Amino acid sequence: MTTNTAAAAGTWDLGDLTVNRIGFGAMRLTGSVAFGPGAPGDRDRSVGVLRKAIELGVNHIDTAAFYFSPHLSANELINRALTPYPNDLVITTKVWPARDPSGAWWWATPEQLRGQVEENLRQLGRDHLDVVNLRVPPSRKDGSIAEHFGALAELRDAGLIRHLGVSNVTLEQLAEAQAIAPVVCVQNSFGISSPAGELELLRRCGEQGIAFVPFFAIAGAGREAGANATEHEEVLAIARAHGVTPAQVRLAWTLQLGPHVLAIPGTGNPDHLAENVAAGALRLSDEEMGRLRSIS
């Protein structure tokens with residue numbers, strides 16, 4: 001499969017902002033792996049990856065103020081690499097979780113969300129944030145998010161945020177948020193072998209015109225630990241048939257689940273970046289889609 005630009009997968013609207021369905025996740029630029037440390041990041045290489053992503057047509061970048069390592073901040077890397085920002089670039093961030101300078105985690109009260117939003121604004125060098133996701137903590141998986149989402153809605157009304165999303169939510173929490181303010185995207189863990197309930201959430205988002213943005217789409221069952229060390233044979237077989245990588249198969253599979261599904265694969269490797277973007281042009285057959293869905 002030849003290299004393609006991010007436009008090959010088509011576009012979707014986040015409110016009044018149009019993005020290519022293949023985006024970029026900034027987490028790995030700092031060496032971080034989800035909610036823990038990873039390999040040390042390289043500043044110049046990370047800046048180069050961000051600029052290459054823009055050259056390849058990426059206009060949707062997912063980040064967070066808590067994506068940092070002892071020496072690197074994802075937001076500040078984005079600022080350094082991409083300012084002045086392209087007019088069509090949409091930067092999505094998330095709040096509620098936070099880390100202190102030592103890396104220890106804490107979770108904001110509704111009153112503290114403004115400080116988190118302003119921290120993202122400062123680091124990114126923006127006067128407003130395009131999209132802010134309320135990232136629900138695992139401890140609140142079945143609880144109310146109304147107070148926190150309401151606080152974000154007030155910041156949107158104040159002009160600090162353009163659009164709102166939610167992350168790590170249930171269908172009930174999505175409905176709770178929608179009763180307070182419009183939701184343009186849902187960002188949940190999802191990929192091949194995800195539970196049926198997550199697929200139902202993806203489907204319901206499509207019915208309502210809400211973007212579904214899976215994270216860990218490549219990692220699968222590996223989740224926070226990164227991609228699986230041993231890949232499933234069905235994924236390998238389909239990858240061999242198309243002459244692509246297993247990661248590209250996983251990305252293509254999620255994108256073909258609906259036109260509202262976006263991808264935000266993250267990497268600090270320029271070669272992997274090009275492969276991830278090229279996955280937007282990969283088309284799997286119905287039979288291949290079914291084989292992959294049957295993986296448990």
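Calculated mean residue ellipticity, 222 nm, the chain: -10500 deg cm²/dmol, from DSSP H runs (n ≥ 4) at -39500 (n - 2.57) each, averaged per residue and rounded to 500. With the chain treated as a Gaussian network of Cα nodes joined by springs under 10 Å, which of Ile264, Ile180, Ile91 yields the largest mean-square fluctuation? Looking only at Ile264, Ile180, Ile91, the biggest GNM fluctuation is shown by Ile180. When a/c is below 1.5 the answer is rounded, else prolate if a/b is larger than b/c, else oblate, so apply that to the stretch 18-293 with a ≥ b ≥ c taken from the square roots of the Cα gyration tensor eigenvalues. Oblate is the answer for the stretch 18-293, as a/c is 1.5 or above yet b/c matches or exceeds a/b.
For the chain, averaging the sequence separation of C-alpha pairs within contact (under 8 Å, six or more residues apart) and dividing by the residue count gives a relative contact order of 21 percent.
The radius of gyration of the Cα set in the stretch 108-222, together with its Dmax, comes out at 14.4, 41 angstrom. Between Asp271 and Glu119, the FRET efficiency from the beta-carbon distance, with R0 = 35 Å, is close to 0.60.
Relative contact order for the stretch 11-135: 23 percent, from Cα pairs under 8 Å spaced at least 6 residues apart, divided by residue count. A Förster distance of 30 Å, applied to the separation of the beta-carbon atoms of Glu55 and Ser189, puts the FRET efficiency at 0.55.
None of the figures in this text is laboratory data; all of them are computed from the coordinates on show. What you see is a predicted model; the values in this text were computed from it and never measured. Here the Cβ is made from the backbone with ideal geometry for all residues, glycine too, and neighbour counts use every protein chain on show.
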